[in-house]
Structures are given as C-alpha cells and as structure tokens.
1. What are the equivalent ellipsoid semi-axes of the stretch 257-363, built from the alpha-carbon gyration tensor (square roots of five times its eigenvalues), in whole angstrom, biggest first?
2. Could you put 296, 48 in order, starting from the residue whose Cβ has the fewest other Cβ atoms within 10 Å?
3. For a footprinting-style exposure proxy, rank 189, 258, 147, 410 by other Cβ within 10 Å, fewest first.
4. Starting from the Cα of residue 185, step 7 Å along the direction of its Cβ; do the same at residue 337; then give the gap between the two resulting points in nm.
5. Could you list, in their original order, any pairs among 224/287; 314/365; 314/378 whose Cα atoms are separated by more than 27 Å?
6. Note the full-extension length gain between residue 383 and residue 433 as 0.36 nm times their separation in residues minus their Cα-Cα distance, in nm to one decimal.
7. For residue 182, what residues show an amide H to amide H distance below 5 Å, using hydrogens built from the backbone and excluding near sequence neighbours?
8. How large is ³J(HN,Hα), in whole Hz, for each residue of the stretch 103-116 in order, when computed from phi with the Karplus curve 6.51 cos²θ - 1.76 cosθ + 1.60 and θ = phi - 60°, using x for Gly and Pro?
Amino acid sequence: MAKPIVAIVGRPNVGKSTLFNKLAGHRIAIVDDTPGVTRDRIYADADWLQYEFKLIDTGGIEPKSDDIILAQMKRQAQVAIDTADVIIFLVDGKQGLTDSDNEVATMLRVSNKPIVLAVNKVDNMKDEANAYEFYNLGIGDPIAISSGQGLGLGDLLDEVVKHFKDYETEEEDEYIRVAFVGRPNVGKSSLINKLLGEERSIVTDIAGTTRDAIDSMLETEEGKFILVDTAGLRRKSKVKEEIERYSVVRTLAAIERSDVVVLMVDAQEGIADQDEKIIGYAHDMRKAIMVIVNKWDLIEKDDKTMNKYLDELKLSLKFMQYAPYLFISALTGQRTHKVLSMIKGCYDNYNKKIGTGVLNDVIGKALLQKEPPMIGTKRLKVYYGTQTGVKPPTFVFFINDTTAMHFSYSRYIENQLRDAFDFTGTGIKIEYRERK
Ligand code: GDP
Ligand code: GDP
C-alpha cells in the first residue's frame, strides 16, 4: 500500500508543532528488542479517511548559530521539497502576510510539488476573512484552520489527500514492488540499471506527478516489477546533512509500500548499523527480504571466502535467518541474472497460502513433539489455526489463554511452520487469540 509523505513548512511560531501533534496518530516508537530505525522523533504515521501517510516534522531541523530565520526556513522548505509528496505551507492568520512567507512561497511554487496553503490561528469563524490576503502568495486557495482549537483540520486533510490520488494506479497492483536499500555507493543504481538493461526486458516509463523519478517498471519472464532506488533523491539535494536524516523516512516509506526489500551490502565494507536498522524495519513489517552482497569482483577469494562472508553476515542479521543471500557484481554482471528470480522466489513465499488441514497437521505434530508450557496449574492449549492472509502470510491460532503464550514457544511454532512450509525470504505473522 502506498504511503505518501507530507511535510509541514512555515515560519517559527505559526503553529507547526501544534498542527503536527494534532494530525499525528502516534509518534513512531520502535520496539526495543529489534534494531530500531531512529529515535529522533522526526516523523509520525497519520491517516485521514482511507488514506495513510507519513508526516514529517521539518521543525526539528536545528537552526545553526549564524542562521537567520529565513535561512532556516529555506532549509526546511528544501528538505520538504526533496522528501515530501505533499507540502502543507502554514502561515499565521493573526500576524498576517510577511516577507518571509513570500520568499518561502516562491521556493515552494517553483518546486512543482503539490502545496496546500493553511492559515492557522483562525480560532473564530468570524475571522475567516483574515485568510484572504494569503491569496497574494499565488499558491492557491488558503484554508482557514485553528490548530489550537482543532478547527478546519478536516478541510485541510481533504485537500491534502486529493493529491494522493495519482499515487498508485490499479494497474500497478499486478506488479511486484521491490525497494533497493543500502548505504550510498553500494551499487543500487548500478544494479537497477543492469536489470533494466538486460535483454528481453520491457521498461516502462511511469507517469504521475507525485512519483519519484527513481521508480522503474520492468517486465520480464519472471514477472512484472517496480524497482525503487531509495538513494536517488539524496544525491540531487543542496542540503545534504538534513536530507540524509530525512531520507531515512523516505526509505521507510519505500519499504512500507514494497513487497520485497533488497538490502545491498558492499562486499568490501560489510554491514553497518544503519543497514541493520533499515532492514530491521522491513523485518518488523514482515516484508519479503533478501540480501545482495555487491562488488564481489573486488574481493580476493579462495573456496572458503563466500562461506566465511555468509557466516559473518548472518551473525549480524540473525533476527532474519529466513533471508536468502546472493553474491554479485553489478559491474561485471556476475550472477546478476539471478537477482529477479530470487526476488520472485521471495515474493511467491510472501504470497503463499497454506491449507487449514495441512497447517493443523503440522501444528498437531509440533505440540506433541514439544509440550506447551504451564501457566500456574494450567497448561497452554493450542486448539487450531488458520491462515487469514497473505503478503505476508498471516496465521491466527486459537488458544486457551494468551498470557500463557511465551515468546520462546511462539518462536518454536514459527520455526515449525518454517520447517514444514518454505517461507524462505519472507516474514510471517502469527497472532494468538483466546477461545475458552
Ligand atoms: P511552531 O514554531 O511553528 O512549531 O509553532 P508552535 O506549534 O510551537 O506554536 C507557536 C505558538 O502558537 C504556541 O504558543 C501555540 O500555542 C500557538 N498556537 C498554535 N496554534 C494555534 C491556534 O490555532 N490558535 C492560536 N490562537 N494559537 C495557536
Ligand atoms: P548507489 O549509490 O548505491 O546507487 O551506488 P552506485 O550504483 O552509484 O555505485 C557506486 C559506485 O560503485 C560506482 O562508481 C559504481 O561504478 C561502483 N560499482 C557498483 N557496483 C559495482 C561492482 O559490482 N563492482 C565494482 N567494482 N564497482 C561497482
């Protein structure tokens, strides 16, 4: 499912944080036992009607000491332009139009991003006329809101989500969405270009204003793919530092809307914290995942090198034992012909359905092999299970007491499922529900 990114831009004190907090469902907290992505509270998930989006908080960009306010605002606006799909430009209806509003509006106007103009602090409907002077900014109809009072926010969001419409066409549902993640220079673009350049593949241009220029559509014998290069935006930017931080949000959004996440690692550099965090997020979201070790041509090898590498990588990424690995050179083309078929393999498992009968046979055997734990004087009972969904494969098991399902036993059940059915390259989701 697509998750667009929305940013709020405006002068200090116009009410950006207040609006952010009103719109944000919950600020993102990543659970502690898996590698978290970022503890900076720079974004939140939000939704309106059937739309879900990510809201980024550019207000968190620290002013540098020699910065005047306008320079800071321009940096914020630049970050928003480079990372967001829709920008809310917030101005202050009590204070009225200022020069710096004009300057920022000019920047936003030439960016060609969808801009929604909101006039804040219109706490009373009788003051709605205060919004009219903002027509002068030349970025469309101003929407009067009061973040403090929670007025007009529905109108604002209606306007914002209108720009999501061309985000994903129905035709694209047939495509397997693949996000290539990894640090700069690991070879993401090189590999994608290689895949696009391979014979017998049909490359389609993607239209749509809110789409990244870095998505490519590809049709091959293996299937139809949309390849997303998560690096593309960062490179173009004038404000590198901030973009680096916010590009993480962009990457997370790309992960959320993909089926398969390919972590690319540079063979010479190995795995970094950032890699673990990013792929940890994909793991938490139960995406299909594979790992590609690139630049294999640069490594001096003997017959043990690859296994040694593999062991080290698997140690760093032990929370996702199910992921397959591939060693390639995007430069020489070594094994690149295997990339799409491996992606397809992960995807097929991500989309796999298991019949209820065979599922319960496996669970029945698993329960016999390892007796469920006791809770006080009562023993955990697992009555039966069924698959309730795909992408990822999702199972519901009915048990006598949810407090009795310990982590180690649920891990055991997951492993039994993985042993019985091939879920290589995909997360699976298991829920336990009580039935007395
Ligand atoms: P930011 O610097 O743009 O993030 O602005 P803040 O959200 O911190 O708000 C600046 C000040 O404006 C605070 O004192 C808020 O309480 C106040 N404020 C925010 N929204 C409204 C509003 O809708 N009406 C009024 N009257 N005050 C508001
Ligand atoms: P990205 O930032 O992840 O998209 O990385 P690029 O695709 O731009 O590649 C960064 C640099 O690594 C470029 O100079 C590429 O030519 C080089 N490169 C990419 N793949 C390989 C590879 O398999 N072997 C070698 N030796 N160089 C590579």
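1. Details: eigenvalues 153, 49, 40 Å².
Whole-Å semi-axes of the equivalent ellipsoid: 28, 16, 14.
2. In increasing order of surrounding Cβ atoms, one gets 48, 296.
3. Values: 189 17, 258 23, 147 26, 410 13.
Lowest count first: 410, 189, 258, 147.
4. Each label point lies 7 Å from its Cα, and together they span 3.2 nm.
5. Working: 224/287 18 Å; 314/365 29 Å; 314/378 38 Å.
From 224/287; 314/365; 314/378, over 27 Å: 314/365; 314/378.
6. Values: separation 50, 0.36 × 50 = 18.00 nm, distance 1.02 nm.
Taking 0.36 nm per residue and subtracting the Cα distance, the gain is 17.0 nm.
7. Amide H neighbours of residue 182: 264.
8. For the stretch 103-116, the Karplus curve yields 5, 5, 4, 4, 4, 5, 4, 6, 6, 6, 7, x, 10, 10 Hz.
Only the coordinates and a few stated rules stand behind these numbers; no lab work does. What you see is a predicted model; the values in this text were computed from it and never measured. Backbone-built Cβ (ideal geometry, glycine too); neighbour counts: all protein chains shown.
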